Amino acid sequence: MIPSSLINNKHLLWRAGFGAGINQLEGLKNINVKDLINDLFKEETFTEINYETPDPEIHDSMTAPSPAEKKKEMQKINREQNEELNLNFLDKMVNSKEQMREKMAFFWHGHFASRVQNPRFNRQILNVIRKNALGNFKDLLFEVSQAPAMLNFLNNQQNKKDHPNENFAREVMELFTMGRGNYTEKDIREGARAFTGWGYDKEGNFVERPKQHDEGTKTFLNKTGNFTGTDALNIILEQKATSKFITTKIYRFFVNENVDDKIVNVLSESFYQSNYDIKKLMKDIFSSSWFYDKKNIGNRIKSPIELMAGMMRTLPMNIQNPENLIVYQKLLGQTLLYPPNVAGWPNGKSWIDSSTLMLRLQIPQIWSGLRPLDYHPKEDDDVDMGLKKNPNNLAKSFKNPNITIDWARVEKIFNGKNIEDYLIQNSGSLDMDSVKNFSDRSVKMTIINLMSTPEYQLM
Amino acid sequence: MLIKRREFLKISSLATASLLMPNFLKAMTFEDSLEPNQKILVVLQFTGGNDGLNTIIPARNDIYFKERKNIAIKDSLPLNDETGINPALSYFKELHDNGELSILNNVGYPNPDKSHFRSMDIWHSASKSDEYLETGWLGRFLDEECYKCEHPTQALEVDDMLSLALKGENNKAFAFKDPKRLYQTSQEKYFKSLYDHHHDDETVSYLYQTLGSTINNAGYIFDKSKAKKTEHAYPNSQLGKDFKTVASLIKSDINTRVYYLSVGSFDTHVNQNERQQKLFGDINEAVKSFVTDMKNNGLFDDILLMTFSEFGRRVAENASNGTDHGTANQMFFISGGLKKKGLLNAHPDLTLLNEGDLLYSEDFRKVYATILKNWLKADSSKVLGWKNGVYDFI
């Protein structure tokens, strides 16, 4: 029998973070779940995610390259900087002690999904999300809505008096706050008028451009006044629908895709009463007994990022070509900073088709150097702009992942343990005879083979 | 195996014994029931936003030459008095003259999005431009037409990754670059051994079903691809190889009705003509081999090859001898069984632009509806929710 404390602790670490780290495995079955929760929520000094690739040089007119060359250079630098942000975010998920912050940031990154090429904008919104991840939803909503990445992505730069662009107002209500069915098309039009003039300057600072703002009277969500963008967001936050929508989405992501209405109603009411205190909401969830019900354990398909970060937390590894990890993100369908659209990534079964499943099952072998990576990601024209000379170059250099795993350390930790109790959330369905037959009783092969099972795809 | 609901009911009374078999084996027992004269759709995606104006060229239009001083195509191959086709597409000109090509100009959708990804998303999912769907139009076709199918091989994509277009709610198509490699991976003894174990839990069993279906279908596809190795020569380009894979499967008795291929990148912001010519050259040769192969085997009347791109490009060239992202574009349809041939509608009006961009006149969802209804004989309104009629060219 696996001790229930081990099952519960593993469950908590997967949901409130990216799984147990190699350092946490030793005493995992003896820790009190309350202590573990306190640990997860412990905050350290906030550090921003950044990139080191220098910004493009400003050329004087004598040596200025042609527009085409300049564009190409810009594109290359943008790509490198965005890749750095991507990998540094992934690194936080793997190595930060503040697992809850990064997990929550990962959730908000999919919720407030934006997709722009400008690395400065990406850096800014990513850090806004990370900084406020466990703070107040009101602050988070305001800062995200005023982030140049979002204003750019949702065309609010073009939202001007007499020529309103409704994209921003629509998505703020549909996807970020209230959800469909809680507002009318007229509310979108009137809301868009309130947001006229919201934009950003050349340096990427939020600005309200008074000349572009429609100062007329608007009727928005049953209220009438000369509303500004700030008013509109405040009115949206007054709606209980907003609390319900966000709580439901959090429940689906952190607890179970099948929503328990009773529980969500209680959580959502309390979230509203707390004036949108995210930390309190998450503590309520993880401290409740229903969170540890059997039906909530091991029922979620890991997203590609969760799968990769989880493996990296268990297997201490040195990766010579970290860009490699972006290829896997592309192939598996989830590239940080590149959500498919403003609705973010779909979840659950949508991660799995025959190609992604086969690759998922092979990653442990590929990363251990037992087989090459035989797949090529599709090109991304928004990133490459058709400038990449040979689309296969990238994938070719990644056939050999150049990853070194510290197996000695891993073996020391797992020696004498039932490894499946630690790696698999729900091993009841697993054919351990097959795993053992193919593993020659070695710890290393047992781990690789366990990570190559369908059960390991679940958390 | 593609089994429509009514046919399933008909067959299932005879096949009660098979209900005791695992699902994937059950589906296999109907392998030979493919109806004769089944039509096949091949979709070729021009990834990156192909410049339609330099593809089908307004050869007598002053605005075109004025706006494109450096990149205008002057030696286009005439299709009629007004219009020519890019000389790198010489075989398309031949197809046109033979009545085996139709061209629909000005295809697009309202409120176009100029991001490659988003616009491609819209074309794949057949959504409105402010709507986000998690399924694709061909994936939903699978859902609609395929009752309890454990074989997603009715639709195949020649690629390492499956496109959104082929993902349904309950059925997802199958993607692979090389049938042999797919087969070798899937036949790994460890995965097979895991699969042989029995699984009950819902999500776990979904994963195991996908694994089992992959193992099983990889073998099925590999067998079929071996069965009819094509004798015909194909160019050595990637696209040539991909078309060769498709041809060998079409000639076998595999149940596949939709093949999905892509070629690119057409994102020609810089030195457009050089790149476009290279890509068109590859396409021209690959399509020529494919069509000839199909004709030699008497299959060309039952094949429809359709091309599309996520958007066209701006009318005016940019400062780098390239073009930037635009809107409406043409689609090609190649088949021995076209009902209307040649240019189906007028070339875009270059005097009527929206901030430098073409105005669309044909909605791509009407094209999809036409193909689903007239070619694949599917319920297009259920798949697309499209109610504004269909075209009569197929």
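Conditions (1) at the interface with chain B (Cβ under 7 Å from one of its Cβ atoms); (2) open to solvent by 10 Å² or more (accessible area, probe 1.4 Å); (3) in contact (Cβ under 8 Å) with a residue 60 or more places away in the chain, marked per residue:
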position	(1), (2), (3)
A:Arg313	no, yes, yes
A:Gln320	no, yes, yes
A:Val327	no, no, yes
A:Leu336	no, no, yes
A:Asn341	yes, yes, yes
A:Ser350	yes, yes, no
A:Asp353	yes, no, no
A:Leu361	yes, no, yes
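Taking A:Thr47 and the conditions (1) open to solvent by 10 Å² or more (accessible area, probe 1.4 Å); (2) outside any loop (DSSP other than H, G, I, E, B), which numbered condition does it fall short on, given that it satisfies the others?
Answer for A:Thr47: the failing condition is (2).
Going by what's in this entry, would B:Phe311 be described as open to solvent by less than 10 Å² (accessible area, probe 1.4 Å), aromatic (Phe, Trp, Tyr) and in a loop (DSSP other than H, G, I, E, B)?
Yes; evaluated as a whole, the condition is true for this residue.
So that you can scan it fast, the table gives a plain yes or no per residue for (1) without any contact (Cβ under 8 Å) to a residue 24 or more places away in the chain; (2) within 14 Å of chain A (Cβ to nearest Cβ); (3) buried (at least 16 other Cβ atoms within 10 Å of the Cβ); (4) touching an Asp or Glu at 6+ places or on another chain (Cβ under 6 Å):
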residue	(1), (2), (3), (4)
B:Asp51	no, yes, yes, no
B:Arg60	yes, no, no, yes
B:Gly108	no, no, yes, no
B:Tyr132	yes, yes, yes, no
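Just to be sure, is A:Leu151 in contact with a strand residue (DSSP E or B) (Cβ under 6 Å, 6 or more places away or on another chain), open to solvent by less than 20 Å² (accessible area, probe 1.4 Å), more than 14 Å from every other protein chain (Cβ to nearest Cβ) and not in a loop (DSSP other than H, G, I, E, B)?
Yes: the conditions hold for A:Leu151.
Do the conditions hold for A:Ile263, that is, is it of a type in the set (Val, Ile, Thr) and closer than 25 Å to A:Phe286 by Cβ?
Yes: the conditions hold for A:Ile263.
Consider B:Gln330 against the criteria (1) part of a strand (DSSP E or B); (2) surrounded by fewer than 23 Cβ atoms within 10 Å (Cβ to Cβ): it satisfies all of them except one. Which criterion is unmet?
(2)
If we scan the range A:210-226, do we find a residue that is modelled with pLDDT of 95 or more, more than 28 Å from A:Gln334 (Cβ to Cβ) and under 27 Å from the mean Cα position of the chain (by Cα)?
Scanning the range A:210-226, I find no residue that is modelled with pLDDT of 95 or more, more than 28 Å from A:Gln334 (Cβ to Cβ) and under 27 Å from the mean Cα position of the chain (by Cα), so the answer is no.
Check A:Asp139 against each of (1) surrounded by 15 or more Cβ atoms within 10 Å (Cβ to Cβ); (2) under 23 Å from the mean Cα position of the chain (by Cα) and name the one condition it does not meet.
For A:Asp139, the exception is condition (1).
Quick check: is even one residue across the range B:267-274 under 21 Å from the mean Cα position of the chain (by Cα) and either open to solvent by 20 Å² or more (accessible area, probe 1.4 Å) or within 27 Å of B:Gly136 (Cα to Cα) (or both)? First the steps, then the outcome.
To start, the set of residues in the range B:267-274 that are under 21 Å from the mean Cα position of the chain (by Cα) comprises B:267.
Imposing the further condition that a residue be either open to solvent by 20 Å² or more (accessible area, probe 1.4 Å) or within 27 Å of B:Gly136 (Cα to Cα) (or both) reduces the set to B:267.
The answer is yes; a qualifying residue exists.
Just one of A:Gly110, A:Gly19 is under 30 Å from A:Leu281 (Cα atoms) and in a loop (DSSP other than H, G, I, E, B); which is it?
A:Gly19
Does B:Lys278 satisfy the condition of being open to solvent by 20 Å² or more (accessible area, probe 1.4 Å) and away from chain A (no Cβ under 14 Å)?
no
Determine whether the range A:55-62 contains at least one residue that is modelled with pLDDT of 90 or more and in contact with a helix residue (DSSP H, G or I) (Cβ under 6 Å, 6 or more places away or on another chain). Step through it out loud before you land on a result.
Pass one, the range A:55-62, residues modelled with pLDDT of 90 or more: none.
No, the range A:55-62 has no match at all.
Condition first: touching a Gly at 6+ places or on another chain (Cβ under 8 Å) and either more than 13 Å from chain A (Cβ to nearest Cβ) or part of a strand (DSSP E or B) (or both). Now tell me which residues in the range B:251-275 satisfy that.
If the condition is that a residue be touching a Gly at 6+ places or on another chain (Cβ under 8 Å) and either more than 13 Å from chain A (Cβ to nearest Cβ) or part of a strand (DSSP E or B) (or both), then B:Gly264 is the only one that fits.
Filter the range B:353-365 down to residues that are assigned to a loop (DSSP other than H, G, I, E, B) and at pLDDT 95 or above and give me whichever is surrounded by the most Cβ atoms within 10 Å (Cβ to Cβ).
Result: B:Tyr360.
Residues that are without any contact (Cβ under 8 Å) to a residue 24 or more places away in the chain, at least 2 per element: which strands (runs of 3 or more DSSP E) completely within the range A:177-241 meet that?
Filter on the range A:177-241 gives A:206-208, A:223-225.
Filter the range B:224-235 down to residues that are at pLDDT 90 or above and either more than 21 Å from the chain's Cα centre (by Cα) or on the phi > 0 side of the Ramachandran plot (or both), then give me how many there are.
Looking only at that region, the number is 1.
Please work out which one of (1) acidic (Asp, Glu); (2) open to solvent by 30 Å² or more (accessible area, probe 1.4 Å); (3) in contact (Cβ under 8 Å) with a residue 60 or more places away in the chain is the condition B:Asp392 fails and give its number.
(3)
Whether any residue in the range A:55-68 is within 14 Å of chain B (Cβ to nearest Cβ) and part of a helix (DSSP H, G or I) is what I want to check. Spell out the reasoning first.
Of the range A:55-68, the ones within 14 Å of chain B (Cβ to nearest Cβ) are A:64-68.
Keeping just the survivors that are part of a helix (DSSP H, G or I) gives A:67-68.
Checking the range A:55-68: at least one residue is within 14 Å of chain B (Cβ to nearest Cβ) and part of a helix (DSSP H, G or I).
The values are calculated or read from the model by the stated rules, or taken from the named source; none is laboratory data. As the structure is a computational prediction, the values presented were derived from the model and not from experiment. When we count neighbours, we look across all protein chains shown, and the Cβ atoms used for this are built from the backbone with ideal geometry, even at glycine. Note: accessible area is taken over every heavy atom of the protein model, side chains too, but ligands, DNA and RNA are not part of it. Shrake-Rupley method; radii C 1.70, N 1.55, O 1.52, S 1.80 Å.
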